[in-house]
1. Does residue 127 satisfy the criteria of being within 19 Å of residue 160 (Cβ to Cβ), within 16 Å of the chain's Cα centre (by Cα) and assigned to a helix (DSSP H, G or I)?
2. Do the conditions hold for residue 30, that is, is it within 28 Å of residue 122 (Cα to Cα), hydrophobic (A, V, I, L, M, F, W, C) and without any contact (Cβ under 8 Å) to a residue 12 or more places away in the chain?
3. Among the numbered conditions (1) under 20 Å from residue 50 (Cα atoms); (2) crowded, with 23+ Cβ neighbours inside 10 Å; (3) free of Cβ contacts under 8 Å to residues at least 60 places away in the same chain, tell me where residue 144 comes up short.
4. Across segment 82-105, what is the number of residues that are closer than 17 Å to residue 146 by Cβ and of a type in the set (Val, Ile, Thr)?
5. Just one of 97, 115, 135 is surrounded by 23 or more Cβ atoms within 10 Å (Cβ to Cβ) and polar (S, T, N, Q); which is it?
6. For the structure I just gave you, tell me whether residue 46 is surrounded by 13 or more Cβ atoms within 10 Å (Cβ to Cβ), over 27 Å from residue 160 (Cα atoms), modelled with pLDDT of 95 or more and out of contact with any Lys or Arg (no Cβ under 9 Å at 6 or more places or on another chain).
7. Which one of these is among the hydrophobic types (A, V, I, L, M, F, W, C), assigned to a helix (DSSP H, G or I) and in contact with a Ser or Thr (Cβ under 8 Å, 6 or more places away or on another chain): 56, 11, 37, 50?
Amino acid sequence: MPDISLIQLVLANVAIAAGACLQGVAGYGIGTLSAPLLFLISPALLPAPLVLNATLLTIFMLARNRAALEVRQVRFAIGGGVIGVVLAGLTLSVLSSKGFELIFGILILAGVALSVGGLRPRLNATSSTIAGAASTYMGTITAIGGPPIALIYQNEKGPLVRA
């Protein structure tokens with residue numbers, strides 16, 4: 001791992017804390033806010049440190065909002081997630097560092113396009129499976145997996161989204 005200065009570590013922690021605050025309020029957003037900032041601070045900070053922090057935060061949020069969790073709805077997203085992580089692993093195994101930077105940028109733009117594109121899919125088994133796969137693929141590579149899942153949960157209540 002390349003040397004990271006103290007100021008870079010401080011900035012990285014501020015970026016992750018800001019993203020965690022957003023995630024705590026909106027139900028997603030740690031990656032959406034923090035990943036681009038971490039990439040600017042040092043590409044070496046992605047994706048592993050942010051994925052670890054996001055996983056821990058998600059576990060805490062699930063514990064807090066467990067009464068709102070509807071397993072029937074998320075089981076398809078979890079199944080899609082298995083597909084997404086396998087595809088992301090294959091992608092990462094063949095990428096050079098420059099290739100990683102390129103795919104990172106492309107996936108960030110794809111996430112922005114999904115977020116602002118006005119797409120309003122219904123929450124069902126098919127959309128949940130596709131969103132789960134896309135979210136896990138994007139999240140594994142860029143640590144920004146929120147936009148695909150956010151699209152299918154955009155009309156749901158806060159506690160359900162945060163769970």
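1. Values: within 19 Å of residue 160 (Cβ to Cβ): yes; within 16 Å of the chain's Cα centre (by Cα): no; assigned to a helix (DSSP H, G or I): yes.
Answer is no for this residue.
2. Spelling it out, it is not the case that residue 30 is within 28 Å of residue 122 (Cα to Cα), hydrophobic (A, V, I, L, M, F, W, C) and without any contact (Cβ under 8 Å) to a residue 12 or more places away in the chain.
3. Among (1) under 20 Å from residue 50 (Cα atoms); (2) crowded, with 23+ Cβ neighbours inside 10 Å; (3) free of Cβ contacts under 8 Å to residues at least 60 places away in the same chain, the lone unmet condition for residue 144 is (3).
4. So the count comes out to 1.
5. 135
6. Working: surrounded by 13 or more Cβ atoms within 10 Å (Cβ to Cβ): yes; over 27 Å from residue 160 (Cα atoms): yes; modelled with pLDDT of 95 or more: no; out of contact with any Lys or Arg (no Cβ under 9 Å at 6 or more places or on another chain): yes.
It is false that residue 46 is surrounded by 13 or more Cβ atoms within 10 Å (Cβ to Cβ), over 27 Å from residue 160 (Cα atoms), modelled with pLDDT of 95 or more and out of contact with any Lys or Arg (no Cβ under 9 Å at 6 or more places or on another chain).
7. Answer to the check: 50.
The values are calculated or read from the model by the stated rules, or taken from the named source; none is laboratory data. The structure displayed is predicted, hence computed values, not measured ones. Every residue, glycine as well, gets a Cβ built from its backbone with ideal geometry; the counts of neighbours run over all protein chains shown.
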